[in-house]
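Notes follow once the structure below has been shown.
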Amino acid sequence: MSVSDSGQIQSAKAAPSPEQAKKAKTQFNKLQKRLRREVGKAIADYNMIEAGDRVMVCLSGGKDSYAMLEILMGLQKSAPIDFELVAVNMDQKQPGFPEHVLPQYLDQLGIEYYIINRDTYSVVKEKIPEGATTCGLCSRLRRGTLYTFAEDIKATKIALGHHRDDIVETMFLNMFYGSRLSAMPPKLLSDDGRNIVIRPMAYCREKDLVRFADCKGFPIIPCNLCGSQENLQRQNIKMMLQDWERQQPGRVEHIFTSMQNIKLSQMADTSLFDFKNLQIDRSSERKAYEFADDQTVDGKPARDAVKMVNIVNL
Ligand code: SF4
């Protein structure tokens, strides 16, 4: 399915042969299983969803948020705990936004949902000069609205559809353009402590989500309705990572795993590790350093060379 310029949902694919259909179904089942496993693991690793939670699932109309809702609904059926899912979309009043698409889709799912009408588009257009980047203000307005709405509907978690590639891209963006090592955490307490944001797809690869969305035929709403260019810096980082991944498959995964395995004493942040007050402690018996006894100086054991130096100095 796709959404036409006039906002109509269209279906335009030729019917596959029975063999093709069987193969595609097997591949889809594998993909769906993998995505569910990854989402389930992320939820467990970060204790994202607890019994009794009311999870507000934010839907933008893009592939990632549709996939998140679908996977969470599947997990909800098999989870050993009870939790609620509420879908929420924010209609930012961008020109040409097909208002009927999400309600139509969500009605079919039979899930509780809300559409928040908030004309952030006009606010952004009014406040930001022509040609300047609009995404910063737009995101802040959206975040504020969603946080407030989550409290209004008594949601205890806010689920966002960012995936592993988004998280790694954000880390490089912050490093290259902000000189800081930070990304998008899988779970975040808002600054005022009133909301918890979760990213259940933190372990999912974007290319799997593209395939999943394609197989499911989600009615994707174009993301360029605001007229803003996709963030050029993010695009550059994306291309850099894709290039690395082509040269060495698995590199993005290694980078993400590194983010879960940080050794503060091996970094350089004095606010996170107390480098200044490092003290030596020789009270315990010294362990042999690796290869220390095998080293030689001028053909003699290094230990003897040290003694000789000591004798000369005396
Ligand atoms: S691309 Fe458009 S809708 Fe998205 S954050 Fe930027 S200004 Fe807002």
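Taking region 99-127 only, how many residues are assigned to a loop (DSSP other than H, G, I, E, B), away from the ligand (no atom under 15 Å from the Cβ) and not small (Gly, Ala, Ser)?
4
Of the residues in region 193-221, how many are farther than 19 Å from Gln242 by Cβ and of a type in the set (Lys, Arg)?
3
Here are some conditions: (1) surrounded by fewer than 19 Cβ atoms within 10 Å (Cβ to Cβ); (2) within 16 Å of the ligand (Cβ to nearest atom); (3) farther than 22 Å from Gln235 by Cβ. Leu146 meets all but one. Which one does it not meet?
Unmet for Leu146, out of (1) surrounded by fewer than 19 Cβ atoms within 10 Å (Cβ to Cβ); (2) within 16 Å of the ligand (Cβ to nearest atom); (3) farther than 22 Å from Gln235 by Cβ: (1).
Of the residues that sit in region 213-270 and are of a type in the set (Lys, Arg) and surrounded by 16 or more Cβ atoms within 10 Å (Cβ to Cβ), which one is farthest from the ligand (Cβ to nearest atom)?
Within region 213-270, the match that is farthest from the ligand (Cβ to nearest atom) is Lys238.
When you look at Ala155, is it at pLDDT 95 or above and in contact with a Pro (Cβ under 7 Å, 6 or more places away or on another chain), yes or no?
no
Rundown of residues vs (1) under 28 Å from Arg251 (Cα atoms); (2) touching a residue at least 12 places away in the same chain (Cβ under 8 Å); (3) within 10 Å of the chain's Cα centre (by Cα), yes/no style:
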residue	(1), (2), (3)
Arg164	yes, yes, yes
Ile167	yes, yes, yes
Thr170	yes, yes, yes
Met175	yes, no, no
Ser190	no, yes, no
Ile198	yes, yes, yes
Pro219	no, yes, no
Asn224	no, no, no
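Considering each residue of region 128-143, count those that are more than 10 Å from the ligand (Cβ to nearest atom) and surrounded by 12 or more Cβ atoms within 10 Å (Cβ to Cβ), and give that number.
Residues meeting the conditions: 1.
The values are calculated or read from the model by the stated rules, or taken from the named source; none is laboratory data. Quantities reported herein were computed from a predicted structural model and do not represent experimental measurements. Please note: Cβ atoms are built from the backbone with ideal geometry, for glycine as well, and neighbour counts cover all protein chains shown.
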